[in-house]
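The values are calculated or read from the model by the stated rules, or taken from the named source; none is laboratory data. Just so you know, these numbers come straight off a predicted model, no measurement behind them. For neighbour counting, all protein chains shown are included, and Cβ atoms are generated from backbone atoms with ideal geometry for every residue, glycine included. Only protein heavy atoms, including side chains, enter the accessible area calculation; ligands, DNA and RNA are left aside. Shrake-Rupley method; radii C 1.70, N 1.55, O 1.52, S 1.80 Å.
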2 protein chains.
Amino acid sequence: MLDTLRRTFELHGFAGIETRAVEPLDQLLRKGETSKEVYVLRRLQEEAAEGAADERSGKADKQLGLHFDLTVPFARYVLENAGHLAFPFKRHQIQKVWRGERPQDGRFREFVQADIDVVGAGELPYHFEVELPLVMAEALGELRAIGVPEVRILVNNRKVAEGFYRGLGLDDVEGVLRSIDKLDKIGPDKVGALLVAETGATPEQAAACLALAAISGSDASVAERVRALAVGHGVTSELLEEGLRELSALIDAAAVRAPGVVVADLKIARGLDYYTGSVYETVLVGHEQLGSICSGGRYDTLASDGANTYPGVGLSIGVSRLVSRLLSAGLVRSTRSVPSAVVVAVTSEETRPASDAVAVALRSRGIPVEVAPSAAKFGKQIKFADRRGIPFVWFPAGIGADGEVVPHQVKDIRSGEQVAADPAVWAPAEEDLWPRVVPAGE
Amino acid sequence: MLDTLRRTFELHGFAGIETRAVEPLDQLLRKGETSKEVYVLRRLQEEAAEGAADERSGKADKQLGLHFDLTVPFARYVLENAGHLAFPFKRHQIQKVWRGERPQDGRFREFVQADIDVVGAGELPYHFEVELPLVMAEALGELRAIGVPEVRILVNNRKVAEGFYRGLGLDDVEGVLRSIDKLDKIGPDKVGALLVAETGATPEQAAACLALAAISGSDASVAERVRALAVGHGVTSELLEEGLRELSALIDAAAVRAPGVVVADLKIARGLDYYTGSVYETVLVGHEQLGSICSGGRYDTLASDGANTYPGVGLSIGVSRLVSRLLSAGLVRSTRSVPSAVVVAVTSEETRPASDAVAVALRSRGIPVEVAPSAAKFGKQIKFADRRGIPFVWFPAGIGADGEVVPHQVKDIRSGEQVAADPAVWAPAEEDLWPRVVPAGE
């Protein structure tokens with residue numbers, strides 16, 4: 001899966017980077033809200049008194065923590081290397097991250113994320129907001145061959161929401177988004193009550209926000225419906241229009257390049273307050289209750305060093321969450337548990353070098369092979385292969401019981417078919433060469 | 001490099017596993033001597049009082065630390081999964097490890113190791129002690145194509161050393177090995193003095209130990225010289241003979257399968273006391289002062305659950321140390337800094353979809369491509385490619401300044417050659433398709 005993701009990202013020109021697992025704690029805590037999740041490091045032999053004193057005096061700058069996502073490290077990387085990078089800079093990053101959360105279905109304390117981001121120096125054209133979800137659509141689409149269900153990428157644009165809310169007279173945009181973000185969890189009635197109670201909305205304004213959030217679709221009618229709703233509530237907003245133009249451009253491009261995959265969904269809010277344009281979430285069709293497996297958006301400030309600001313757009317696949325669902329739902333299986341396609345049998349320990357020579361010949365042509373661990377009876381050596389799902393057993397040439405010359409033979413232990421074979425020429429069928437992950441039904 | 005190592009390991013039937021970054025602290029501290037290097041984890045929001053109390057009362061079992069090698073986690077993995085594994089079990093494991101050491105040239109606090117081990121249940125035949133260094137020789141040999149220098153795998157056998165020392169009348173085998181291990185650092189005179197001072201050896205016994213340690217070679221004469229030395233000192237030892245038979249078998253097999261790579265070197269001691277048979281170190285020829293980049297050996301007890309003991313043999317490549325030397329010595333270079341082989345130029349933002357279509361066509365045939373970020377002047381778009389080392393710029397078909405139809409064209413910006421091309425057919429030369437790591441001189 002990681003190889004497939006990496007290949008797709010690189011076909012689109014994203015350079016792979018890797019950052020260290022730790023960052024200074026003060027960098028990790030910049031956003032505040034995630035502080036509860038961070039694992040802090042301490043060397044076992046460190047002067048205990050010194051460490052404790054640092055903690056009491058709040059010297060977070062000397063402390064190190066494990067990164068909890070790949071965005072904070074990437075921001076640090078961009079600032080540190082800005083002088084050497086060519087912008088816009090496209091990178092992919094596939095690494096483990098750690099969060100001290102309570103583990104549950106699809107949520108782990110150690111998990112793998114696969115991120116792509118493009119970041120500009122000072123500016124970043126809108127077309128990247130179209131390109132990045134399409135790269136993810138392609139990457140996730142490539143995984144269908146191994147049993148990953150169809151995905152649906154849900155997109156929205158912060159400018160649409162903000163323009164509409166402000167046009168309605170609601171200036172607590174953050175507050176409205178926070179309430180709307182709860183729609184899937186508590187339903188429209190309670191969200192409506194929240195909007196009235198917490199953002200000062202009138203029941204009519206709350207109803208309008210809920211009506212906007214109810215709009216979804218994958219064609220030009222989405223923008224028309226939003227405009228009709230705006231007109232109905234007397235909303236006029238240049239920001240809303242700009243957001244609708246952007247959202248429509250994304251939907252139009254997606255209809256050509258990834259038909260049926262990208263859907264505008266005006267209730268997508270994303271909790272994080274730093275998104276400023278497109279926002280994305282991705283669900284597995286038929287497994288929507290798992291939540292989003294690939295999220296992200298446009299941010300106007302990934303990082304800033306005072307002189308320069310670096311806007312970006314990115315998405316992150318929660319690989320472990322995705323894999324855990326594939327396994328728990330029994331959607332995928334591996335064709336075997338070890339790399340080897342062939343076990344070369346050993347007739348006796350004295351003739352092990354002859355078996356090794358067969359293995360060397362096969363490997364030189366890219367065939368994964370192991371040699372039997374002992375010169376047990378052939379039935380036991382076949383069982384050794386069978387237990388590991390290895391399809392072929394090779395019997396090296398030798399002298400038979402009656403003194404006759406016995407040629408090299410290879411047995412397909414699934415069919416029982418055994419044929420004479422030449423180590424310099426024979427190869428397994430392409431689908432048997434390496435273990436493969438396939439849909440469980442195959 | 002990691003892809004190449006993984007491929008070689010899998011061609012030999014080693015299954016890849018990955019273990020979590022953390023282990024219980026008491027597991028990590030089982031060997032005692034490495035305690036100073038461990039990073040301990042704490043959740044930031046954890047009740048500080050509780051954590052401190054655990055530390056005071058020594059409740060290491062509740063604490064977690066980052067793994068400092070891949071052997072301790074593998075031992076835990078084997079015990080936990082013994083019921084599901086088929087033995088002998090061959091695994092490779094390529095992961096980061098962490099040690100709180102003082103960083104220096106070739107020594108990092110976070111680094112990557114690439115390990116192979118084979119572990120048996122109850123027993124493990126000697127031939128695996130021959131096989132494993134040969135797999136590493138092949139893996140490291142594959143890296144020569146990208147500029148890794150020739151390697152020399154130095155092998156010894158604990159049975160030879162122990163049999164010889166005991167035959168001499170020296171029973172503090174650990175003590176003698178510890179002193180011999182310092183030969184490269186302090187020289188034979190000081191090691192001789194150490195042997196007399198710390199292991200109770202006579203000057204004659206010390207001289208015999210130093211004479212043994214001075215023997216090296218890659219043919220049958222090694223065993224003969226050791227036997228002659230033993231006879232000269234009146235040493236007779238069945239253990240010594242067994243060790244010499246094993247060492248000779250390894251040297252003989254290596255002479256056939258990896259000529260010139262494996263050398264018997266009787267001074268190789270390895271600090272860790274759990275090795276019981278073959279021991280291995282590996283140096284880069286011409287960079288011996290970097291120390292060993294791939295070490296390991298045979299151990300009779302990787303893990304034990306009381307009922308079963310799991311003997312094994314394994315080696316570990318210090319990938320980060322190897323890479324740091326390749327870079328600092330200027331031995332390797334990358335052919336470009338991004339994956340893309342082609343930049344598709346954009347004539348105007350209105351015709352960006354035409355450029356996207358060219359990119360889609362090329363990618364569908366496995367060619368890494370990016371589309372220019374803006375419809376700047378073509379000279380600027382060529383410069384965009386040049387700065388990243390991307391060899392080709394594609395100019396999409398369109399209408400020229402005089403209204404004529406201009407066909408698709410692709411320019412090799414290294415030679416300046418520009419030719420008409422079809423997005424459905426054109427491909428770069430194989431060596432330009434993906435960025436490659438090559439010897440610096442190439």
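Semi-axes of the equivalent ellipsoid for region B:342-439, computed as √(5λ) from the eigenvalues of its C-alpha gyration tensor and ordered from largest down, come to 22, 15, 13 Å. Computed from point charges on the beta carbon alone (+1 for Lys and Arg, -1 for Asp and Glu), the dipole magnitude for region B:387-442 about its Cα centre is near 300 Debye.
Here's how it looks for residue B:346: its modeled amide H is under 5 Å from those of B:372, which are all 5 or more places away or on a different chain. Loop-resident GluC sites (Glu not before Pro) (DSSP state other than H, G, I, E or B) in region B:81-138 with no more than 13 further Cβ atoms inside 10 Å of their Cβ: B:101, B:123. Could you name the aspartates and glutamates whose alpha carbon sits less than 20 Å from that of residue A:411, not counting residues in the same chain fewer than 8 places away? Result set, ordered by chain and number: A:356, A:370, A:386, A:422, A:430, A:431, A:432.
Can you grab the distance from the C-alpha centre of region A:109-148 to the C-alpha centre of region A:411-435, Å, no decimals? A separation of 39 Å, based on Cα centres. Between the C-alpha center of region B:201-227 and that of region A:302-333 there is a gap of 58 Å. Reported value for region B:276-422: 202 Å³ per residue, from the convex hull of its C-alpha atoms.
Distances between equivalent label points of residue B:110 across the copies, with each point positioned 7 Å along Cα→Cβ, amount to 1.4 nm, shortest listed first. Qualifying trypsin sites (Lys or Arg not before Pro) in region B:337-385, where qualification requires a DSSP coil assignment and no more than 10 other C-beta atoms within 10 Å, comprise B:377. Counting, for every residue in A:5-16, the Cβ atoms of other protein chains within 10 Å of its Cβ and taking the mean gives 5.
Residues of region B:135-161 with an amide N closer than 14 Å to a point placed 7 Å from the Cα of residue B:214 along the Cα-to-Cβ direction: none.
Between residue B:184 and residue B:337, the simple spin-label model (points 7 angstrom out along Cα→Cβ) gives 3.6 nm. For the pair residue B:351 and residue A:305, a Förster radius of 30 Å applied to the C-beta separation gives a FRET efficiency near 0.25, rounded to the nearest 0.05. The Rg/Rh ratio for chain A, using Cα coordinates for both the radius of gyration and the Kirkwood hydrodynamic radius, is 1.11. Comparing A:432, A:265, A:219 in a Gaussian network model of chain A (Cα springs below 10 Å), the most mobile by mean-square fluctuation is A:432.
Between residue A:181 and any residue 5 or more places off or on another chain, the built amide H atoms are never under 5 Å apart. Averaged over the residues of peptide A:283-294, the number of Cβ atoms from other protein chains lying within 10 Å of each residue's Cβ is 0. For the peptide B:95-103, the mean number of other protein chain Cβ atoms found within 10 angstrom of a residue's Cβ is 2.
Of A:307, A:254, A:269, the residue with the greatest mean-square motion in the GNM of chain A, using alpha carbon springs below 10 Å, is A:307. Taking a Cβ cut-off of under 10 Å around residue A:260, the surrounding Lys, Arg, Asp and Glu residues balance to a net charge of 0, with basic ones at +1 and acidic ones at -1.
In the distance distribution for the protein assembly as shown, Cα-Cα pairs more than 51 Å apart total 28 percent. Comparing mean-square fluctuations of B:403, B:296, B:306 from a GNM of chain B with C-alpha springs under 10 Å, the top value falls on B:403. Farthest towards the positive end of the charge dipole of chain A, among the residues A:394, A:27, A:127, is the Cα of A:394, using unit charges on the Cβ of Lys, Arg, Asp and Glu. Across region A:73-88, computed HN-Hα scalar couplings (Karplus, 6.51 cos²θ - 1.76 cosθ + 1.60, θ = phi - 60°) run x, 5, 4, 4, 4, 4, 5, 5, 10, 3, x, 9, 8, 9, 9, x Hz from first to last residue, x flagging Gly and Pro. For chain B, the relative contact order works out to 15 percent when only alpha carbon pairs closer than 8 Å and six or more residues apart are counted.
For region B:317-411, GluC sites (Glu not before Pro) are listed when DSSP marks them as loop and at most 12 other Cβ atoms sit within 10 Å of their Cβ; the list is B:404. A crude spin-label estimate for the pair residue B:431 and residue A:377, with each label 7 Å from Cα along the Cβ direction, gives 5.7 nm. Counting only Cβ charges, +1 for Lys and Arg and -1 for Asp and Glu, the dipole size of chain B around its Cα centre is about 1020 debye. The H on the amide N of residue A:276, modeled in the peptide plane, is under 5 Å from the matching H of A:298, A:299, A:300, each at least 5 residues off or on a different chain. About the centre of its Cα atoms, the protein assembly as shown shows a dipole size close to 320 debye [charges on the beta carbon of Lys, Arg (+1) and Asp, Glu (-1) only; nearest 20 debye].
Pairs from the list B:90/B:159; B:159/B:267; B:159/B:190 with a Cα-Cα gap above 21 Å: B:90/B:159; B:159/B:190. The peptide list A:175-184, A:326-335, put in order of mean Cβ contacts within 10 Å with the highest first, becomes A:175-184, A:326-335.
Taking every protein chain into account, the accessible area of chain B amounts to 43 square angstrom per residue (probe 1.4 Å). Think of region A:342-439 as a dipole: +1 on every Lys or Arg Cβ, -1 on every Asp or Glu Cβ, centred on the Cα centre; then among A:347, A:371, A:419, A:371 lies furthest on the positive end.
Local charge for residue A:86 was computed over the other residues whose Cβ lies under 11 Å away, with Lys and Arg +1 and Asp and Glu -1, and equals +3.
Taking a Cβ cut-off of under 10 Å around residue B:130, the surrounding Lys, Arg, Asp and Glu residues balance to a net charge of -3, with basic ones at +1 and acidic ones at -1. Between B and A, buried accessible area from a 1.4 angstrom probe totals roughly 4800 Å², ignoring ligands, DNA and RNA.
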